[in-house]
Structure formats: C-alpha cells, structure tokens
Amino acid sequence: MKITICGKGGSGKSTVTALLAKEYAAEGKKVLVIDCDESNYGLHQQLGMDIPLSLTDYMGGKMKILDDLAEGPQNMPMLFDEKWTLLDIPQGYFAEKDGIMLMTPGKIQTANEACACAFSVVMCQFMQVLDLTEDEIVIMDMEAGIEHFGRGVDNASDVVIMVIDPSRESIKLASKISEIGSSIGKPVYYVLNKVTNDTLDIVRSGIADKENICCELPMSQDIMKAGLIGSELQDGNDAIVSMKAYLEKHYSA
Ligand SMILES: Nc1ncnc2c1ncn2[C@@H]1O[C@H](COP(=O)(O)OP(=O)(O)O)[C@@H](O)[C@H]1O
Ligand SMILES: [Mg+2]
C-alpha cells in the first residue's frame, strides 16, 4: 500500500507519518517513509534517524532534471529505466532503523538554487516504478498545502490521508482535498489532530464525509515536548493503533 499524508503546515503530517510508520513496523511490516517536505527538518528526528542523501542527486541532480523539465512536463524522459523494489534503493540514499527505511528526494539548501519541481519529478516517477510486496508499505510525508497534487506526486498513491488541526484553514482545505482526491480516484481519510474536548465537535462538524475520519489524535503534552526537544516518537499510541485498524478494515490493496 502506498499512502500519502498531506495537510496544512504544522497540522501534524510528520507526526502522524512517524507514528503510523512505527505502528506498521511494530506489526512486522517493512515500511518506507519518504520525506517529501523540501523545507522542514523534523521527520528524521521523530523517527530517530539521520537524513539520508537525496535521491534527486542520485538520479542526476536537480539542475539536470530541471533542464529536462524545461521541454515541458509531457516531454520529461523517464529517469528510471526499470521497476524498482525497496532493495534497489542505493546505500547511503536511505536511513534505516527498526524496520523503517527513510528516504528523501531532497531539501532546499541554498538561496537561488531554483525551485523544488525536480524533487517532485523524481518522486512521481519513483512511486510509479516502485513495486511493493504485501508486507511493504510506503508512507509519503508531503510538503504543506496542495501543490503536490498539481504536480501529480499523488497519482501513484493508493490512499490519501489528510491531517486536520483545529483551524478554519484546515477545515476549508479538507473540502478541497476531498474534491481533488475524488477527481483522481483516491480515497481521502482524515486525521483530526491536536483535538481537545472543546474543539473536537467543532472540527468534526466541519468535515462533510465524517465516515472517512480515520483517527482522532488528541493534543498531547508528550508529542508536543518531543517536537520541542527533537526526540524520537514512540510506538503504541492508542489513536494511531485504532487508525491502523480502521485502514485495514476500510482499505486493502
Ligand atoms: N497531537 C499532538 N499533540 C501535541 N503536539 C503535536 C501533536 N501533533 C503534532 N504536534 C506538534 O505540532 C508541531 C507540528 O507538527 P508536525 O508533525 O511537524 O507538522 P507538519 O509536518 O504538518 O508541519 C510539532 O511541534 C509537533 O510536535
Ligand atoms: Mg512535516
């Protein structure tokens, strides 16, 4: 199964990615987490790993791919000439711990280095050529917003999970992502994150397709503190355990 995690900035995409990855790994699945956020540096810490080298560099580098892209997205050549499995990801271009592999198409490093489109091209193509066994799961932690849909990065995903924090912006974005998800034939499920007794009902009432709420992850002092210190998250979060069961019941690929 290939899962995309999306939502607005700070909603908890990386937190949900790390917690869900750890839950699948605890069950014995092989999990590949892809850090597609070209700007932020939290996910590898939440997984207790170092950031690996960039797959975009392995595939020829950002400037070469942007040159190819200048001919128009429809003329972009395939960078991968065959199907890949998790075993084909080259040494150094993934980090690994406790059954979870982490890779990234790259991060923005310097001023004037050009846009992040090359990263999206690499990820679009990688997701297309990646063959998984039944025991393997991919979780893509996206950059904030919906540009990745425009770039086609989600086309090879099976499932879109949107993380919603208690804010009007998130609730508005949910209806847009629901619409975009249906337009590309992907089920969209929602995680209501950072909810409290005061906010849960308000957030729920803003979601049209409530049956697709797969998780209510409460505001947690432990998660907040781990985010502040930059420490690894632990598996066994009750809400995420239930979320995994929900996904197993509602979706099987
Ligand atoms: N359920 C939660 N309870 C408390 N803090 C949370 C929760 N979920 C996320 N956070 C905190 O919110 C901040 C943003 O989370 P993060 O996962 O990095 O968001 P995103 O990847 O969407 O930008 C982090 O400091 C994180 O620790
Ligand atoms: Mg993030």
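Structure data summary
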{"item": "Flag if E147 is over 23 Å from T104 (Cα atoms), surrounded by fewer than 18 Cβ atoms within 10 Å (Cβ to Cβ) and not hydroxyl-bearing (S, T, Y)", "result": "no"}
{"item": "Output for segment 166-188, where each listed residue is farther than 16 Å from I146 by Cβ and within 16 Å of the chain's Cα centre (by Cα)", "result": "P187"}
{"item": "Matching option when the condition is touching a strand residue (DSSP E or B) at 6+ places or on another chain (Cβ under 6 Å) and in contact (Cβ under 8 Å) with a residue 60 or more places away in the chain, among T4, T56", "result": "T4"}
{"item": "Index of the failed condition, P77 passing every other in (1) away from ligand 1 (no atom under 13 Å from the Cβ); (2) part of a helix (DSSP H, G or I)", "result": "(2)"}
{"item": "First in segment 212-225 and under 15 Å from D198 (Cβ atoms), second anywhere and within 16 Å of ligand 2 (Cβ to nearest atom), Cβ under 6 Å, 6 or more apart", "result": "M219/K194"}
{"item": "Complete set of residues in segment 1-47 that are farther than 13 Å from I161 by Cα, within 16 Å of ligand 2 (Cβ to nearest atom) and assigned to a loop (DSSP other than H, G, I, E, B)", "result": "G9, G10, C36, D37, E38, S39, N40, Y41, G42, L47"}
{"item": "Residue within segment 11-26 that is near ligand 1 (Cβ under 9 Å from one of its atoms) and acidic (D, E) present", "result": "no"}
{"item": "Checking G99 against (1) within 16 Å of ligand 1 (Cβ to nearest atom); (2) touching a helix residue (DSSP H, G or I) at 6+ places or on another chain (Cβ under 6 Å), the condition it does not meet", "result": "(1)"}
{"item": "Search result, residues across segment 211-229 that are more than 16 Å from ligand 2 (Cβ to nearest atom), part of a helix (DSSP H, G or I) and surrounded by fewer than 16 Cβ atoms within 10 Å (Cβ to Cβ)", "result": "E211, Q221, D222, K225, I229"}
{"item": "Counted residues, segment 105-152 - those being under 26 Å from E248 (Cβ atoms) and either of a type in the set (D, E) or outside any helix (DSSP H, G or I) (or both)", "result": "13"}
{"item": "Among (1) over 14 Å from the mean Cα position of the chain (by Cα); (2) away from ligand 1 (no atom under 13 Å from the Cβ) - the single one Q45 does not satisfy", "result": "(2)"}
{"item": "From L173, L233, residue being assigned to a loop (DSSP other than H, G, I, E, B) and modelled with pLDDT of 95 or more", "result": "L233"}
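The values are calculated or read from the model by the stated rules, or taken from the named source; none is laboratory data. All values reported here derive from a predicted model rather than from experimental measurement. Neighbour counts are summed over all protein chains in view; Cβ atoms, including those assigned to glycine, are modelled from backbone coordinates with ideal geometry.
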